[in-house]
Every structure is written in C-alpha cells, then in structure tokens.
1. Scan (1) within 13 Å of the ligand (Cβ to nearest atom); (2) in a helix (DSSP H, G or I); (3) in contact with a strand residue (DSSP E or B) (Cβ under 7 Å, 6 or more places away or on another chain); (4) of a type in the set (A, V, I, L, M) for the single condition residue 53 breaks and write down its number.
2. Across region 62-72, what is the total count of residues that are within 20 Å of residue 24 (Cβ to Cβ) and either under 26 Å from the mean Cα position of the chain (by Cα) or in a loop (DSSP other than H, G, I, E, B) (or both)?
3. Check residue 313 against each of (1) modelled with pLDDT of 90 or more; (2) more than 23 Å from residue 262 (Cβ to Cβ); (3) within 17 Å of the chain's Cα centre (by Cα) and name the one condition it does not meet.
4. Select from region 244-265 the residues that are touching a residue at least 12 places away in the same chain (Cβ under 8 Å) and assigned to a loop (DSSP other than H, G, I, E, B) and list them in ascending order.
5. Determine whether region 100-114 contains at least one residue that is assigned by TED's automatic domain parsing to the domain that holds residue 15 and under 15 Å from residue 62 (Cα atoms).
6. Show the residue pairs that are 6+ apart or on different chains and have beta-carbon atoms under 8 Å apart, the first residue being within region 197-215 and more than 17 Å from residue 42 (Cα to Cα), the second being surrounded by fewer than 19 Cβ atoms within 10 Å (Cβ to Cβ) and modelled with pLDDT of 85 or more.
7. Check 269, 192 and return the single one that is under 23 Å from the mean Cα position of the chain (by Cα), open to solvent by less than 20 Å² (accessible area, probe 1.4 Å) and under 15 Å from residue 291 (Cα atoms).
8. Of the residues that make up region 57-69, is at least one within 12 Å of the ligand (Cβ to nearest atom) and in the same structural domain as residue 190 (by TED's automatic domain parsing)?
Amino acid sequence: MKFQDFSLDARIEAGIHDAGYATPTPIQEQGIPVVLQGRDMFGLAQTGTGKTAAFMLPILQRLTRGPLRQTRVLIIAPTRELAEQIHQTAVVLGRHTKIRSAAVYGGVGKGPQIAALQRGTEIIVACPGRLLDHIHAGDVDLSHIEVLVLDEADRMLDMGFLPDIRRILKHVPAQRQTMLFSATMPPDIRSLADSILTDPATVQVDVIAPAKTVSHALYPVPETLKGKLLHALLEQTATSRVLVFTRTKHRAKRLAQDLDKRGYRVAALQGNLSQNRRQEAMDGFRGGKYDIMVATDIAARGIDVSLISHVINYDMPDTVDAYTHRIGRTGRAEATGEAVTFAVQDDEPMVRDIERVLGKPIERRRLSGFDYGSFAPESQQPAPKKSVYRSRGFHSQARGGLPPAAPPLRRD
Ligand code: AMP
C-alpha cells in the first residue's frame, strides 16, 4: 500500500514526504481509511507503531476543508513530552497547509500558550491539567471541537487523569468524532471506551506485546554489581543511543553522574528538572550531544528518538505495561533494537509476567569476562530444582546465587 492510495490533499502528501515516510505502517493502513470515513476508532497500539500519523493525517485532511482559526480538533496526551511530540508531528505533516497546532501543557509559562490560543488554532494538543486551567480562565473555546483524540489513554488513567478528562469532556460537543488510543486494554479502558466512543472501529496492532523488531535479553545480576555491569556492557556493546531506565529520580540522577564521571556523554531525565532542562536533555539526546539518557518511567514517557539502539532496564519496571512502554522507545517503526533488563532475585515474578505477555522466555545472558564475584549467573551452573528460573538457567539464593534486592526505594 502507498500513501497515495488514501487520496490525501497534495499539501499533506508533501508533508508526508518531508517527514520521510515512504510507506504506511500497519496501523496507518488500517486506521487512516476508518478515520477518513468519520468513524470513531479504538486504536490498540503502542508507541512506535506510527499511531500519531495514523490519526494526524486524516485530521489534517478534514481540516483542509471548513473554517480556519477555529479550534476543531482536541488531542489529549498524558505528558508534556508526548504532547510536544504530537504537536511537532502536526507541524511537520501540516507544514504546507495553513493549519495551526498549539501545544498546551504545564511546567512552562501560560503567556505564550494564551497568545497562541488567541491567534487562533485549529488543533490543540494538551495535557489535562493545564488545559483545564485555560478552560477555567476562559482562554480556550472548545465548543467547535469536531474531533477528539485521547492518546495513551491507559497511561492517563494510570496517572489519575480520569476525573480531569471527564471535566474536559463537559466542554466538548457530544456530537463529534472520537479516537482513543491505548497500548493495553485493562477493564477501566474498556469502560472508558464504552462511554465515549460510538460504534467504534477497533484497529489493533501488536496488542500489548512489545514491538517485534526488538530483541529481549535478561542479565541476572546482584543489585550491588549493576553499576559495574552497565559499564562493562556499554564497553563491550556497539550502541548508537542508549536509554537507561531507573526506578526513581534519585537513582536516575546518581547513575547519570556516575556515567558522566566515567566519561560518557550522558543526560538524566527525571521529574525534578525544570522544563528548560528537560528540553535541553531531550534535544541533546535527539541531536547527538548525548549518547545515553538515564530516565524514570514518567519522565521518559513519549520520548521519540528513532536512533535508540538499546533500552536498558537498570531497574525492573513495576508492571508489564511499563516494560512495554519502555521497550517501545527502541525498534521504532522499521528500526531494530535491543532491550536489556537487569534482574535481581526479587524480580522473578515480574519476569514471569513479562514472559507471559511476550509469549516466550526471555533469553538469559551473562557478560563474558565480567567479574561476577561469588555470584554465578545461569550459564556457569544449573540452578536448583523448584526455582522457576531453573529451566531457564536463572540462579537462586539457595545456591549462592542472586542476593536480595536493595531495600524498597521511594518511587517518583
Ligand atoms: P509513533 O508510534 O506515532 O510514536 O511513531 C513512531 C515513529 O515512527 C516516529 O518516529 C514516526 O516519525 C515514525 N513513523 C511514523 N509513520 C511512519 C512511516 N509510515 N514510515 C516511517 N516512519 C514512520
């Protein structure tokens, strides 16, 4: 299939060309015709599938007709990074049209946002909290909204945004086209979909399971050796850009400082940074100033760096969803990537859950030449009976294997 098959406006086709997209991804193939017909859509797709263009291209097509400078499309996203990324997609794909997009999120001054809203914009891409501020201040008129998109809805619910979303919905006409995107479908997403979508077409791409272009590897390691193992791994592996996840902001900061001392070009992305510092870190990573980004789950939400070759879970994610979202940062579109996870003994249940979703065991690896000390990971000796790791070669405490994890840490 080709983009020309959608019969989009020539100015939008020029935008697709500028973006460098050659052929539609599966979600675009399936989703674009549905949205062009004006139907509601439930997109079960994770980041990295090309879902943003899947809704943005038909939205731009709709906006080429009808009044300009009236806000007709509202896109809601959980984080400012994702909102900014969606806004940039609108700017790039809509560059040859007169259509405008404004990004609305917290952590930055309201002035420029109010100015953009007053100048008139067809698209608003917003995070819920700041949008409500503008609604209450009377800065924004949502009474002409024709299309509403809720992106990464599962994450929005995880972050407690449901009441805000319901409040926003009261200001949006009931008669509209609605699209809801989610990487997973827990019951609360199903009931949200039921309440806001009308006869939706469900478009499903790689449900729940991480992108197929990503290979997964597990490195059993005691907590105390994680830092050394990361360093050794980076030394031995050919990487382009590496995204490292830690469990807390504090650990992200400390690990980045440690890597910096070792001479790596590294930035930390965590919730305590000002918006300017975050932007500097993101731009530096995207532009090649930094090779390594150390981030927490929330801070890294929506990072779009097509050149990420490795995602390293320095700490095991809390949920399978979080794993999927982290891994979605590599292997984007057609690129291949590698997902590396450091696992301590206490991570055993989460490993099992992730493997259930992947539908296969994750390959266990040990780094050759690395001094594991008294700890002997998988390929050195078999693990004892009864351990669920046995068949896969994981090592257990009983055999002088994995020490317990560090004491519980404060979450972000
Ligand atoms: P998304 O899932 O929307 O976050 O998109 C993931 C990445 O794929 C982004 O870097 C997009 O620019 C890129 N992308 C989207 N559609 C295409 C396409 N048809 N061909 C190549 N890359 C694409």
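The values are calculated or read from the model by the stated rules, or taken from the named source; none is laboratory data. Worth saying up front: this structure is predicted, and the values here are computed from it rather than measured. FYI the Cβ positions are ideal-geometry reconstructions off the backbone, even for glycines, and counts take in every protein chain you see. The accessibility values were calculated without ligands, DNA or RNA, using every heavy atom of the protein model including side chains. Shrake-Rupley method; radii C 1.70, N 1.55, O 1.52, S 1.80 Å.
1. Failed condition: (3).
2. 1
3. Failed condition: (2).
4. 246, 247, 248, 262, 264, 265
5. Checked against the condition, which is being assigned by TED's automatic domain parsing to the domain that holds residue 15 and under 15 Å from residue 62 (Cα atoms), region 100-114 yields at least one hit.
6. 215/363
7. Among 269, 192, only 269 is under 23 Å from the mean Cα position of the chain (by Cα), open to solvent by less than 20 Å² (accessible area, probe 1.4 Å) and under 15 Å from residue 291 (Cα atoms).
8. Checked against the condition, which is being within 12 Å of the ligand (Cβ to nearest atom) and in the same structural domain as residue 190 (by TED's automatic domain parsing), region 57-69 yields at least one hit.
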